[in-house]
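K.L.:
This structure is in structure tokens; I'll ask about it shortly.
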Amino acid sequence: MKSLTLVFLGVLFTMISTIAATETAVTYRSIRVDNLDIFYRQSGPKDGPTIFLLHGLPSSSRMFQPLLESSLNEHYHLVAPDYPGFGHSSWPNPKEFAYTFDSVAKVMQDFAEELHLSQYTLFMQDYGGPVGVRLALAHSDKIQAMIVQNAVSHEEGLSSLWAVRRAFWEDRAAHEAEVRANLLSLEATRKRHVGTSPDISLYNPDLWVDEYYFLNQPGQADIQLDLFYDYQNNVKSYPKWQQWLQDHQPPMLVLWGKYDTSFTVAGAEAYHRDDPRAEVHILDAGHFAMDLKAGEIIRLTEAFMKELSLRSEK
């Protein structure tokens, strides 16, 4: 009888270990949304609180790999899709799909519905901000909290680099060549990562070489320029976004790489105007803060999510 009990316990332990390993493993899938194949990475228990990870330019869900593989996936359901025109998702021709933030947000909203994500914490980096805020405005009831990583919602968050970009919005034809260099060149792609960092030896060159390769694929320049041209509508919407934040005041964690040359530290601190309770951390990192500070971001995110859980239990 004792030997049978030991065998049973051994089998049970193996089953539990297998289930746990399956839940924490990162999976890579595609799902059909609005006649597009949307690729996404996923980890963690599906019945756990969801963190919906929205990437920036010119990245993809790949930027969130450190979070997906971290201890966060022991308790939280992490979902990171690629936008249309990015990563492993469909890249429809700009003549067939309008590359605007409204369009991308609509696909992400429908993606969330396909995965039955009824409530979630938004983790928004760069372009993830405009996409995520649109989701929040459309379905405020689904937003449990917001984590903002170098994503701007205030004019003072835009650095002097935006002078050329604003000129592009005013006269696209006259400034398109300049913006191509400003946005899509190898040096610009590198600069997005290293920014004003005092020690560039800490950065893996694969970060920008891989992104530059992506940006030089057929059709990518047109896709990215169309989307960037539409960015002006984000800036015009800042007052509306700020009003939503002030009215709803979701729990907010702001993580900001201070070496970012496009988005200033003032853009991080401005969130305090919308909600003085917002938790703001300025990191020794650049625009893609996870390049250098993945461990710190994971720790801060875990603490924030734990506090969020404690609040909901009260």
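The values are calculated or read from the model by the stated rules, or taken from the named source; none is laboratory data. Note that the structure is a prediction, hence the values are computed from the model and not measured. Cβ: placed from backbone, ideal geometry, glycine included. Neighbour counts: every protein chain shown.
K.L.:
What pairs come up if the first residue lies in the range 69-82 and is at pLDDT 95 or above, the second is surrounded by fewer than 21 Cβ atoms within 10 Å (Cβ to Cβ) and among the basic types (Lys, Arg), and their beta carbons are under 8 Å apart, counting only those six or more places apart or on different chains?
P.N.:
His77/Lys46
Results for (1) farther than 23 Å from Leu207 by Cα; (2) in contact (Cβ under 8 Å) with a residue 40 or more places away in the chain; (3) in contact with a Gly (Cβ under 8 Å, 6 or more places away or on another chain); (4) of a type in the set (A, V, I, L, M), shown as yes or no for each residue.
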| residue | (1), (2), (3), (4) |
| --- | --- |
| Gln42 | no, no, no, no |
| Pro45 | yes, no, no, no |
| Pro49 | yes, yes, no, no |
| Leu53 | no, yes, yes, yes |
| Val148 | no, yes, yes, yes |
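K.L.:
Against the conditions (1) at pLDDT 95 or above; (2) loosely packed, with under 15 Cβ neighbours inside 10 Å; (3) in contact with a helix residue (DSSP H, G or I) (Cβ under 9 Å, 6 or more places away or on another chain), where does Arg29 fall short? Just the number, please.
P.N.:
Every listed condition holds for Arg29 apart from (3).
K.L.:
Where residues in the range 250-299 are closer than 24 Å to Ser71 by Cα and among the β-branched types (Val, Ile, Thr), which of them is surrounded by the most Cβ atoms within 10 Å (Cβ to Cβ)?
P.N.:
Among those that are closer than 24 Å to Ser71 by Cα and among the β-branched types (Val, Ile, Thr), it is Ile297.
K.L.:
Assuming Leu122 fulfils every condition listed in (1) farther than 22 Å from Phe64 by Cβ; (2) in contact with a strand residue (DSSP E or B) (Cβ under 7 Å, 6 or more places away or on another chain) apart from one, which condition is it?
P.N.:
Condition not satisfied by Leu122: (1).
K.L.:
Yes or no: Ser118 assigned to a helix (DSSP H, G or I), in contact (Cβ under 8 Å) with a residue 12 or more places away in the chain, over 26 Å from Ala285 (Cβ atoms) and among the small types (Gly, Ala, Ser)? Full working, then the answer.
P.N.:
Values: assigned to a helix (DSSP H, G or I): no; in contact (Cβ under 8 Å) with a residue 12 or more places away in the chain: yes; over 26 Å from Ala285 (Cβ atoms): yes; among the small types (Gly, Ala, Ser): yes.
Answer is no for this residue.
K.L.:
Additional query: Can you name every residue in the range 258-314 that is under 21 Å from Gln246 (Cα atoms), in contact with a strand residue (DSSP E or B) (Cβ under 6 Å, 6 or more places away or on another chain) and among the small types (Gly, Ala, Ser)?
P.N.:
Hits for the range 258-314 are Ala268, Ala278.
K.L.:
So, Tyr238, is that one closer than 30 Å to Leu137 by Cβ, assigned to a helix (DSSP H, G or I), touching a helix residue (DSSP H, G or I) at 6+ places or on another chain (Cβ under 8 Å) and hydroxyl-bearing (Ser, Thr, Tyr) or not? Break it down into steps so the answer makes sense when it comes.
P.N.:
Working: closer than 30 Å to Leu137 by Cβ: yes; assigned to a helix (DSSP H, G or I): yes; touching a helix residue (DSSP H, G or I) at 6+ places or on another chain (Cβ under 8 Å): yes; hydroxyl-bearing (Ser, Thr, Tyr): yes.
Spelling it out, Tyr238 is indeed closer than 30 Å to Leu137 by Cβ, assigned to a helix (DSSP H, G or I), touching a helix residue (DSSP H, G or I) at 6+ places or on another chain (Cβ under 8 Å) and hydroxyl-bearing (Ser, Thr, Tyr).
K.L.:
Inside the range 181-192, can you point out the residues that are surrounded by fewer than 17 Cβ atoms within 10 Å (Cβ to Cβ) and closer than 14 Å to Gln224 by Cβ?
P.N.:
Start the filter on the range 181-192 by keeping residues that are surrounded by fewer than 17 Cβ atoms within 10 Å (Cβ to Cβ), which leaves 181, 185-187.
Matches in the range 181-192: Ala181, Ser185.
K.L.:
Here's a follow-up. With out of contact with any strand residue (DSSP E or B) (no Cβ under 7 Å at 6 or more places or on another chain), more than 22 Å from Leu54 (Cα to Cα) and surrounded by 13 or more Cβ atoms within 10 Å (Cβ to Cβ) as the only criterion, which of Tyr203, Tyr231 stands out? Steps first, please.
P.N.:
Working: Tyr231 fails: more than 22 Å from Leu54 (Cα to Cα).
One residue alone meets the criteria, Tyr203.
K.L.:
Could you tell me which of the residues Ser262, Ser201, Ser197 is among the hydroxyl-bearing types (Ser, Thr, Tyr), under 27 Å from Ile282 (Cα atoms) and without any contact (Cβ under 8 Å) to a residue 12 or more places away in the chain? Give the derivation first.
P.N.:
Details: Ser262 fails: without any contact (Cβ under 8 Å) to a residue 12 or more places away in the chain; Ser197 fails: without any contact (Cβ under 8 Å) to a residue 12 or more places away in the chain.
On inspection, the qualifying residue turns out to be Ser201.
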